[in-house]
Amino acid sequence: MANTNIDRDTLRELADQGNETALDRLADLADAAGEVGELSELLDEGSTRAGLLLTRRAASARDLRELQRIADAGYDGAADELNRLLQAPADGHRE
């Protein structure tokens, strides 16, 4: 990621003022640091980037409950991924 010298406090201030790019940047930083709790908070603030990143994590872990929680928080991509996993045959083969 380019220009990692921007501090989180500045990003937070900008995000609090409605800057979506700053909110996305906070989500990227939280994801890179493995801070799932912070990603969840950012999702609750309306960050679609946090929703995407959380969905990727939950889908790779096949965590259906987490995908439902993310979808309930408003990220539609999680609902799509949840439905995809639920519709996949249990043995991995389609009949």
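The values are calculated or read from the model by the stated rules, or taken from the named source; none is laboratory data. Because the structure is predicted, anything quoted here is derived from the model rather than measured. Here the Cβ is made from the backbone with ideal geometry for all residues, glycine too, and neighbour counts use every protein chain on show. Note: areas computed on protein heavy atoms with side chains; ligands, DNA, RNA excluded. Shrake-Rupley method; radii C 1.70, N 1.55, O 1.52, S 1.80 Å.
What distance in nm lies between label points placed 7 Å from Cα along the C-beta direction at D7 and A73?
Label at D7, label at A73, 2.7 nm between them.
Given only helices, namely DSSP H runs of n ≥ 4 each adding -39500 (n - 2.57), what is the per-residue ellipticity at 222 nm of the chain, to the nearest 500 deg cm²/dmol?
On the way: 6 runs with 65 residues, N = 95.
The per-residue figure over the chain is -20500 deg cm²/dmol.
Between L64 and T21, what FRET efficiency comes out of the Förster formula 1/(1 + (r/R0)^6) with R0 = 30 Å and r the beta carbon distance, rounded to 0.05? Can you show the working numbers first?
Values: r = 32 Å, r/R0 = 1.05.
With R0 = 30 Å, the Cβ-Cβ based efficiency is 0.40.
Mind sorting out which of (i) 1.23; (ii) 1.28; (iii) 1.05 is the real Cα Rg over 2.2 N^0.38 Å computed from the coordinates?
Correct label, based on the coordinates given: (i).
Which one, S40, Q68, T10, is farthest towards the positive end of the dipole of the chain when Lys and Arg carry +1 and Asp and Glu -1 on their Cβ?
Value: Q68.
Just the accessible area per residue of the stretch 1-62, please: how many Å² with a 1.4 Å probe?
Values: 3680 Å² over 62 residues.
Counting only protein heavy atoms, the per-residue value for the stretch 1-62 is 59 Å².
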